[in-house]
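Structure first, commentary second.
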Amino acid sequence: MFEKNLLAGKRVLVTGGATGLGKSMGKRFLELGASLYICGRREQVLAEAQAELQKATGGTVKVFSCDVRDNQRVEEMMNTIWQDGPLDTLVNNAAGNFICRTEDLSIGAFEAVIGIVLMGTIHVTMACGKRWLKEGHKASVLNITTTYAESGSPYVLPSAVAKAGVLNMTRSLAVEWGKRGIRFNAIAPGPIPTEGAFSRLMPVKSMEEMAKKRNPLGRFGTHEELADLAAFLISDQSGYINGDQIVMDGGEWLKGASEFSHLGDLLTEEQWQAIKPKKKTGSGS
Ligand code: HXC
Ligand code: NAP
């Protein structure tokens, strides 16, 4: 889909880049010539991802054991990264989430998820942003949100409020820092199978079938589809896109929001026939 050197010379940090969608995006960036930095909390997982990605692409991957909730660790990571030179792109992908009725959530549960998704994104973005502004370095930030950042969603309230904050930050800083050469965009994916997300959000297999059925395209998104969109958005080819959230969900949220979408599953063929306009008979004279 892209020229091989689309991201040549770009230095990209993907938070949570050792697993799932972060790893798939990182792989695509490497294939397109970027050098990659990834962080996460689990050292073993990071080391395995580093070996796998380098073997698959021949690119350079540096890994950092860093909890994005800890601002001091984030600053230390950034100091180390900046010794190689400034980053060009930040992908805020690290997240935490689980299904739970809101009345059953502890304050600690809110703090855990909001700490990763919202405060983590703020820590990493501020650490990069301050350095970029000081150096006058052009850069871009891609935030991985989700469709309920805009709509809200029951049963995932800590994630919903945190992702809404990240979307708001995307739009706010696109305007505030745009004129200083820093673009901000977001991708709102619908469900894409990963161990991290599906083990927590679709713990019962039947939930997967229900989710597919609900989608206008009748399937989940793929890692390749997300990775290609992300590559475009961090590339210079998308240089005039700033402050946008691109929805990549097969039309799922529109189906949920539109007034009559349920009729497709509800009405039988006979019922559709019964409400069809009847053909007029005779000449009418
Ligand atoms: C209720 C829960 C809970 C659950 C944890 N808690 N899991 N409460 N239901 N299932 C509570 C704990 O009791 C604790 O409360 C507090 O949350 C912190 O839990 P810890 O396990 O100590 O936290 P920590 O080890 O920091 O783990 C963070 C985590 C975990 C978010 C809870 O799930 C995690 O590490 N997730 C990272 C990966 C991930 O979630 N990936 C999926 C992203 S998918 P107390 O009161 O004791 O402090 C995604 C997709 C969105 O975002 C869109 C899909 C379409
Ligand atoms: P995932 O594999 O669980 O990815 C989450 C990553 O974040 C993990 O690598 C995890 O690594 C890291 N992480 C979590 N807490 C962290 C912390 N405190 N500090 C640093 N890293 C941390 O799940 P995924 O499905 O690929 O999700 C990736 C992104 O896509 C998330 O932003 C998610 O909200 C979004 N998304 C996913 C879907 C989907 O259907 N998959 C849909 C919409 C949006 P450690 O545990 O080792 O720290």
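Largest accessible area first, the listed residues Glu31, Glu176 line up as Glu176, Glu31 when surface is computed with a 1.4 Å probe on the assembled protein chains.
Computed from point charges on the beta carbon alone (+1 for Lys and Arg, -1 for Asp and Glu), the dipole magnitude for the chain about its Cα centre is near 520 Debye. Within the assembled protein chains, the solvent-accessible surface assigned to Trp82 is about 40 Å², based on a 1.4 Å probe. Rolling a 1.4 Å probe across the protein heavy atoms gives region 88-177 an accessible surface of 42 Å² per residue.
Dipole orientation for the chain: of the candidates Leu263, Leu142, Ile116, Leu263 has the Cα lying most toward the positive pole (charges on Cβ; Lys, Arg +1; Asp, Glu -1). By the Cβ distance rule (another cysteine Cβ under 4.7 Å), the unpaired cysteines of the chain are Cys100, Cys128.
Put a plus charge on the Cβ of each Lys and Arg, a minus charge on the Cβ of each Asp and Glu, and nothing anywhere else: the dipole of region 132-259 about its Cα centre is then about 260 debye.
Charges were assigned to the Cβ only: +1 to each Lys and Arg, -1 to each Asp and Glu. The resulting dipole of region 1-60 about its Cα centre is roughly 100 debye. Hey, if you put +1 on the Cβ of every Lys and Arg and -1 on every Asp and Glu Cβ in the chain, which of Pro193, Val14, Gly33 ends up farthest toward the positive end of that dipole? Result: Gly33. With a cut-off of 13 Å between beta carbons, the residues surrounding Val74 carry a summed charge of +1, where Lys and Arg count +1 and Asp and Glu -1. Take 241-248, 84-91 and order them by the average number of nearby Cβ atoms within 10 Å per residue, most first; the result is 84-91, 241-248. Only helices reaching 24 angstrom along their own axis (Cα) with mean Kyte-Doolittle hydropathy no lower than -0.5 count here, and for the DSSP H runs of the chain these are 157-178. With the full set of protein chains in place, find how many percent of the accessible area of region 111-193 is carbon and sulfur; take the probe as 1.4 Å. Carbon and sulfur: 59 percent of the exposed surface of region 111-193. Taking all protein chains as shown and a probe of 1.4 angstrom, His262 keeps an accessible surface of around 90 Å². Legend: residues Met119, Met169, sorted from most to least accessible area (1.4 Å probe; ligands, DNA and RNA excluded), read Met119, Met169. The trypsin sites (Lys or Arg not before Pro) of region 191-237 that meet both conditions, a loop assignment by DSSP and at most 14 other Cβ atoms within 10 Å of the site Cβ, are Arg219.
The values are calculated or read from the model by the stated rules, or taken from the named source; none is laboratory data. Just so you know, these numbers come straight off a predicted model, no measurement behind them. Note: ideal-geometry Cβ built from the backbone for every residue, glycine included; neighbour counts use all protein chains shown. Quick note on the areas: whole protein, heavy atoms, side chains included, nothing else; ligands and nucleic acids left out. Shrake-Rupley method; radii C 1.70, N 1.55, O 1.52, S 1.80 Å.
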